[in-house]
Amino acid sequence: MVKISVKNYNQVDLTNSLLVIGIYEDNNDLGYLNNLTPLDLQEKINDMIITIPEVPKKFGKNLLFLYKGDNDKYIRILLLGLGKYNELDHNKIRQLGGIISTKAKELQSENIVVSNFYKTTIKNVETIVEGLSLSLYEFNKYKSNGEIKSNFFDSCNVDIIIFDESNQLELEQIIKKTLIIVQSVCYARDLANSPPNILTPAEVANSALSLEDTDKIKVKILDKYQMENLGLNGIISVGKGSENPPKLIIMEHNQGAPGDKPIMLVGKAVTFDTGGISIKPSEKMDEMKFDKSGGCNILGIFKALSMLNIPLNIVGIVPSVENMPSSSAYRPGDILKMYNGKTVEVLNTDAEGRLILADALSYGLERYSPKCIIDFATLTGACIIALGANVAGIIGNNDDFIQKIIHSSVETGEKIWQLPLFDEYYDLIKSNVANIKNIGGRTGGAITAAAFLSHFVDDVPWAHLDIAGTAWTQDGTIEKSYNPKGATGFGIRMIVKLLESNIL
Ligand code: BES
Ligand code: ZN
Ligand code: ZN
């Protein structure tokens, strides 16, 4: 993991570092460099700003140059365009953090000094740290030794310059906390990026069990036979076609007052979604290894919980299955009796996520009487059609609750947008032969999927996040420095922030 600390200008050695200097489009004042750099450097950069057009000022543009300092030693300087002074918000600072460390990695420059070209408030430092660290994530576990250049993520060292020491302690604390959350996001990315031949439902369960080491989390795994006995037929049916049996992962973090109703977090973990008998086209089918991202998010959140001592009761439920076609697979036409007694007509075996989530939701509801529920799922292609690949959908039964989640998502720069759940959508999933059917036709697919789920949460405040478009970088993803290729861990930061704020 990258090391990040705050330093006063007189505590850094520039000669072995990449020094980052920010330049605004509409403000040439480099006064913030006073004391940090040799005096003539400021003059030199000022000269350059006036005389050469290559000096980057537009947001995110950058230029490297070498400056010969005292003792003939060179300082590597990265000039970084900041855009307009009044437009530099948290989302942009996060992006800049990512641009800085990506550039440093390219140059294999392990020591970075970030000058205070922005106000070093708690929130600004938090976001630059997020950008600096999240962008260095790399999934290289399966590259054999010769091919891995170096593990830059672990060897990188960043000094963030502050000018006054009044809030140094608070800044050190926020950096520590942010890096814990980033570590949890990277853990979830590692899981979601893992290939489907390795990360079977049993291995997702094993990873959850490894979180128990800290003693702060209890993990229980239900196997296929236990689920059969309990009547968790949604999960059992979807898993029937695979040699890799399904698992139900149940995690508890009990640091709230005893007897306080828990917050329940649920996540879809389909380790591979072929579509089953209603098989998907082969193009890009490999991407369906990411269909476990919702569940991986819940494991990531619990990893963060184990390190952050959040004084709440929280339960996490992750149904994990592989959706395969075979002679033992469930079929279109099957009628399933779900855990809560409702019957479902299966009309498409590719709409499997809602079936496993339905059982997980009603099982958790019955066992834990949660005060509210949030679920994460790569549930529908329709959500990507509706909102694109950079915004997740949020749908639920309680607008106040949804607003709290949206508020947190604005803070973390993970964009979500609410879709409605009007009565009309429920009509679309009525079945002729069972209580409901598992598809609602071609229209409003993200919402009919949510309408289906709402049959399994009673009246408990519930929000469903459809992360089909945002869980990994795909067609239509706008590149963001802090989301390297592959799984993103989208949504983890927003939920950890929400839990920390203790407003639910
Ligand atoms: N895992 C998919 C949804 C998905 C598709 C996520 C593409 C990300 C990218 C889900 O299980 C699924 O296949 N849903 C179907 C539902 C349909 C059959 C009603 C879909 O979206 O096509
Ligand atoms: Zn599917
Ligand atoms: Zn799926």
Practice item. Could you list all residues from the range 360-382 that are away from ligand 3 (no atom under 15 Å from the Cβ) and either over 23 Å from residue 504 (Cα atoms) or not polar (S, T, N, Q) (or both)? Key: 361, 363, 364, 365, 366, 367, 368, 370, 371, 372, 373, 374
Review point. Of (1) in contact with a helix residue (DSSP H, G or I) (Cβ under 8 Å, 6 or more places away or on another chain); (2) farther than 21 Å from residue 340 by Cα; (3) in a helix (DSSP H, G or I); (4) not small (Gly, Ala, Ser), residue 420 satisfies all except one. Which?
Key: (3)
Practice item. Scan the range 361-383 residue by residue and report those that are in a helix (DSSP H, G or I), surrounded by 22 or more Cβ atoms within 10 Å (Cβ to Cβ) and within 16 Å of ligand 2 (Cβ to nearest atom). Key: 383
Practice item. Of the conditions (1) modelled with pLDDT under 90; (2) more than 21 Å from residue 158 (Cα to Cα), residue 73 clears all except one; give me its number. Key: (2)
Review point. Could you list, in sequence order, the residues of the range 212-251 that are within 25 Å of residue 309 (Cβ to Cβ) and open to solvent by less than 40 Å² (accessible area, probe 1.4 Å)?
Key: 217, 219, 249, 250, 251
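Could you tell me whether any residue of the range 223-238 is at pLDDT below 95 and away from ligand 1 (no atom under 16 Å from the Cβ)?
No, the range 223-238 has no match at all.
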Review point. Residue check, residue 389 against (1) of a type in the set (A, V, I, L, M); (2) within 18 Å of the chain's Cα centre (by Cα); (3) in a helix (DSSP H, G or I), all met but one. Which one?
Key: (3)
Practice item. Report yes if residue 276 is within 16 Å of ligand 1 (Cβ to nearest atom), within 24 Å of residue 373 (Cα to Cα) and open to solvent by less than 50 Å² (accessible area, probe 1.4 Å), otherwise no. Key: no
Point to revise | Test result for residue 127, open to solvent by less than 30 Å² (accessible area, probe 1.4 Å), touching a residue at least 12 places away in the same chain (Cβ under 8 Å), within 23 Å of residue 487 (Cα to Cα) and touching a His at 6+ places or on another chain (Cβ under 6 Å) | key: yes
Check your understanding: Of everything in the range 65-119 that's open to solvent by less than 30 Å² (accessible area, probe 1.4 Å) and of a type in the set (S, T, N, Q), which residue is nearest to residue 162 (Cα to Cα)?
Key -> 116
**Study point:** Residue under evaluation residue 209, criteria (1) surrounded by fewer than 19 Cβ atoms within 10 Å (Cβ to Cβ); (2) out of contact with any strand residue (DSSP E or B) (no Cβ under 7 Å at 6 or more places or on another chain); (3) more than 22 Å from residue 468 (Cα to Cα), criterion not met
**Key:** (2)
Point to revise | Failed criterion for residue 474 (all others in (1) open to solvent by 10 Å² or more (accessible area, probe 1.4 Å); (2) of a type outside the set (Gly, Ala, Ser); (3) more than 16 Å from ligand 3 (Cβ to nearest atom); (4) farther than 20 Å from residue 343 by Cα hold) | key: (3)
Check your understanding: Within the set of pairs 6 or more residues apart or between chains, which connect a residue that is closer than 14 Å to residue 268 by Cβ inside the range 348-369 to a residue that is within 12 Å of ligand 2 (Cβ to nearest atom) and in a helix (DSSP H, G or I) with Cβ atoms less than 7 Å apart?
Key -> 352/238; 354/449; 355/238; 356/238
Point to revise | Positions within the range 429-460 being in a helix (DSSP H, G or I), open to solvent by less than 10 Å² (accessible area, probe 1.4 Å) and within 16 Å of ligand 2 (Cβ to nearest atom), in sequence order | key: 446, 448, 449, 450, 452, 453
Review point. In the range 256-273, which residue that is more than 16 Å from ligand 2 (Cβ to nearest atom) and either open to solvent by less than 30 Å² (accessible area, probe 1.4 Å) or among the aromatic types (Phe, Trp, Tyr) (or both) is farthest from residue 195 (Cα to Cα)?
Key: 256
Practice item. Give the range 370-399 a look and list any residue that's under 22 Å from residue 270 (Cα atoms) and aliphatic (A, V, I, L, M), or say none. Key: 373, 374, 377, 379, 382, 384, 385, 389, 391, 392, 394, 395
Exercise for review: Name every residue in the range 69-94 that is assigned to a strand (DSSP E or B) and farther than 10 Å from residue 59 by Cα, in order of residue number.
Suggested key: 74, 75, 76, 77, 78, 79
Exercise for review: Being hydroxyl-bearing (Ser, Thr, Tyr), more than 15 Å from ligand 1 (Cβ to nearest atom) and not in a strand (DSSP E or B) is the filter here, so list the residues in the range 325-353 that pass it.
Suggested key: 326, 327, 328, 339
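Which residues, taken from the range 274-289, are on the phi > 0 side of the Ramachandran plot and away from ligand 2 (no atom under 12 Å from the Cβ)?
Result: 284, single match.
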Practice item. For residue 300, indicate whether it is buried (at least 18 other Cβ atoms within 10 Å of the Cβ), in the same structural domain as residue 340 (by TED's automatic domain parsing), within 19 Å of the chain's Cα centre (by Cα) and not hydrophobic (A, V, I, L, M, F, W, C). Key: yes
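The values are calculated or read from the model by the stated rules, or taken from the named source; none is laboratory data. Note that the coordinates shown come from a computational prediction; the quantities given were computed from them, not determined experimentally. Neighbour counts run over all protein chains shown; Cβ positions are idealised from the backbone, glycine included. Accessible surface is based on the protein model in full, side chains and every heavy atom, while ligands, DNA and RNA are left aside. Shrake-Rupley method; radii C 1.70, N 1.55, O 1.52, S 1.80 Å.
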